[in-house]
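Peer 1: Handing you this structure, nothing more for now.
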Amino acid sequence: MARNKKKIVVLGGGFAGVECTRKLEEYFKNDSEIEIVLVSEDNFLLFTPMLPQVASGTIETRHIVMPIRTITKKATFYEGRVKNIDPYGKIVNLWGSGNKRGISLHYDFLVVALGSETNFFGMNDLEKNAYQMKTLNDAVMVRNRMIDMLEQAENETNPILKQSLLNFVVVGGGFAGIETAGEIMDLLLDVRKYYPNIKKEDIHVVVLEALPNILPGFSESLAKFAQEKLTEHGIEIKLQTAVTSFDGDEVMIKRLDVDKDAIDDSIVSSIQSKTVIWTAGVTPVNTIKRSLFKTDKGKIIVDKNLEVNDFPGVFAIGDCALFLDPSTQRPFAPTAQIAEAQAKIAAKNLHALIRNEEKTEFTYESKGQMAIIGKRTGIASFLGMNIHGIFAWFLWRNIYLSKIPTWDKRFRVFLDWTADAIFDRDISRLKFMRREPEKEYKVLDEVDDVW
């Protein structure tokens with residue numbers, strides 16, 4: 001009987017992978033002939049929209065992670081990193097380590113939702129010296145860095161060095177960059193009272209954005225409102241500005257030419273800063289780039305049903321899939337909302353494929369966009385309305401709270417927000433060693449490429 005089972009393997013434990021798995025569980029909950037397998041590098045789903053609030057200390061770290069085993073019911077879960085995918089042999093290989101052996105998983109149907117990683121556009125010094133805002137570890141490291149810089153600046157007598165310690169640069173004016181800048185400014189201003197030698201005007205947060213405006217995707221009026229509020233809050237925004245290097249002490253920047261969309265070498269400047277937070281771009285993971293699937297700019301090419309060309313029964317969704325917006329002929333933005341929408345269609349089409357029914361084309365209609373830009377201030381485009389101010393901030397909190405998969409985590413986040421409104425922020429710095437990202441895996445990847 002077991003040999004007649006059909007196995008669906010879902011790769012990726014982000015929004016796309018987990019949502020697709022949950023939908024598949026709904027479709028096949030009473031079907032003993034369908035086996036569902038979910039593979040993720042971590043054993044939890046990270047609620048990334050709230051990462052900036054972890055960095056600012058508003059939310060406790062464990063409250064935005066949901067153990068995958070608690071939010072899936074039928075699926076078999078494997079914690080592991082994908083080594084390679086053989087779409088001809090229908091096998092997925094997972095890396096082993098000193099503590100566990102590698103695993104090979106056979107599949108009948110496959111969903112690739114491996115997401116993306118930070119793109120530094122070939123700038124190695126930035127990759128080495130800049131902080132990121134993509135994982136839970138990143139958020140904790142950023143918070144530790146803020147506190148560390150305050151501690152050093154409090155007793156620093158050299159005014160030039162003191163200023164460089166209190167200059168914080170956020171690269172990227174999208175959702176992650178703007179929300180991160182707002183949250184860290186709130187943190188710095190709230191805890192400044194514990195540092196009598198640091199004045200409000202000493203703290204300087206700068207956002208660098210290569211485009212002519214921040215928050216692309218919002219209306220011009222909402223983006224302008226956000227920029228005005230951020231400026232009022234003390235955050236400096238430099239538009240059409242590109243970072244060219246960062247050595248750990250100095251950020252080199254160049255002004256972009258408006259007409260030529262290129263860098264004007266004649267306008268070069270620098271910012272003395274010890275801290276750069278990079279949120280300016282993502283790229284598909286190396287497993288996808290070196291796979292046998294047809295790709296464009298590292299993303300897997302899919303058809304209108306999200307099925308991978310040349311490999312029936314294989315679907316790609318989320319950040320690693322290339323699907324063009326029909327209205328702009330440009331790829332959709334890498335957002336959780338789009339990832340979940342694609343996950344639902346992929347699950348529906350897998351069900352249709354197994355039941356010999358007609359598949360559904362993926363079409364996307366935005367339900368709205370929201371961003372918080374500082375204390376009790378936000379912007380939202382919702383149900384055709386543009387909203388800003390405290391109501392948009394309140395709307396953001398309620399909607400994102402409702403999207404957390406488990407009730408216990410919702411309650412914990414709500415308690416965190418309540419405590420933040422009543423009590424002062426904790427300025428304890430947790431001592432973690434900064435780890436080189438995926439150093440062991442990089443070596444293994446190189447060996448695998450040689451083989």
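The values are calculated or read from the model by the stated rules, or taken from the named source; none is laboratory data. Nothing here was measured: the structure is a model prediction, and the numbers come from that model. Reconstructed Cβ throughout: ideal geometry from the backbone, glycine too, with neighbour counts over all protein chains shown. Remember, those area values only see protein heavy atoms, side chains included, never the ligands or the DNA or RNA. Shrake-Rupley method; radii C 1.70, N 1.55, O 1.52, S 1.80 Å.
Peer 1: Explain nothing, just the number: relative contact order of segment 279-376, from Cα pairs under 8 Å at least 6 residues apart, as a whole percent.
Peer 2: 20 percent
Peer 1: Hey, what's the chain come to in accessible area per residue, 1.4 Å probe, Å²?
Peer 2: Per-residue accessible area for the chain comes out at 50 Å².
Peer 1: What does the charge dipole of segment 35-102 about its Cα centre add up to, to the nearest 20 debye, if the Cβ of each Lys and Arg holds +1 and the Cβ of each Asp and Glu holds -1?
Peer 2: 220 debye
Peer 1: Using the alpha-carbon atoms, what tilt in degrees (0 to 90, nearest 10) does helix 220-232 show relative to the longest principal axis of the chain?
Peer 2: So the helix axis and the longest Cα principal axis differ by about 40 degrees.
Peer 1: Just the number, please: carbon plus sulfur as a percent of the accessible area of the chain, 1.4 Å probe, no ligands or DNA/RNA counted.
Peer 2: Carbon plus sulfur share of accessible area: 50 percent.
Peer 1: Relative to the Cα centre, what is the charge dipole magnitude of the chain, using +1 at the beta carbon of each Lys and Arg, -1 at the beta carbon of each Asp and Glu, and rounding to the nearest 20 debye?
Peer 2: Taking the Cα centre of the chain as origin, the dipole is about 1360 debye.
Peer 1: Cα to Cα, under 16 Å, and not fewer than 8 places away if on the same chain: which lysines meet these conditions relative to Lys297?
Peer 2: Lys289
Peer 1: If you take the beta carbon distance between Lys199 and Trp417 as r and set R0 to 30 Å, what does 1/(1 + (r/R0)^6) give as a FRET efficiency, to the nearest 0.05?
Peer 2: 0.55
Peer 1: Once you place label points 7 Å from the Cα toward the Cβ at Lys294 and Asn119, how far apart are they in nm?
Peer 2: In this crude label model, Lys294 to Asn119 measures out at 2.1 nm.
Peer 1: Taking 7 Å along the Cα-to-C-beta vector as the label spot, tell me the Ile160-Ser221 distance in nanometres, rounded to one decimal.
Peer 2: 4.8 nm
Peer 1: So how much slack lies between Ala333 and Arg192, counting 0.36 nm per residue of separation and subtracting their Cα-Cα distance, in nm? Walk me through the intermediate numbers first.
Peer 2: Details: separation 141, 0.36 × 141 = 50.76 nm, distance 3.64 nm.
Full extension of this stretch gives 47.1 nm more.
Peer 1: Could you tell me the center-to-center distance, by alpha carbons, between segment 269-333 and segment 187-248 in angstrom?
Peer 2: Here the two parts' Cα centres lie 28 Å apart.
Peer 1: Another one. Give me a comma-separated list of calculated 3J(HN,Hα) values for segment 115-125, in order, Karplus coefficients 6.51, -1.76, 1.60 applied at θ = phi - 60°, integers in Hz, x for any Gly or Pro.
Peer 2: Whole-Hz 3J(HN,Hα) from phi for segment 115-125: x, 8, 10, 5, 9, 9, 6, x, 8, 5, 5.
Peer 1: What 222 nm value per residue comes from the helices of the chain, counting each DSSP H run with n ≥ 4 as -39,500 (n - 2.57) and dividing by all residues, nearest 500 deg cm²/dmol?
Peer 2: -10000 deg cm²/dmol
Peer 1: For the pair Leu401 and Lys7, what calculated FRET efficiency results from E = 1/(1 + (r/R0)^6), where r is the Cβ-Cβ distance and R0 = 45 Å, to the nearest 0.05?
Peer 2: 0.80
Peer 1: Something else: Compute the acute angle (0 to 90°) between the alpha-carbon long axis of helix 336-354 and the principal axis of greatest extent of the alpha-carbon atoms of the chain; round to the nearest 10°.
Peer 2: So the inclination is approximately 0 degrees.
Peer 1: Mind checking the dipole of segment 375-433: about its Cα centre, +1 per Lys or Arg Cβ, -1 per Asp or Glu Cβ, Debye to the nearest 20?
Peer 2: 140 debye
Peer 1: When the Cα centres of segment 136-162 and segment 1-33 are compared, how far apart do they sit, in Å?
Peer 2: Using only Cα atoms to place each centre, the spacing works out to 46 Å.
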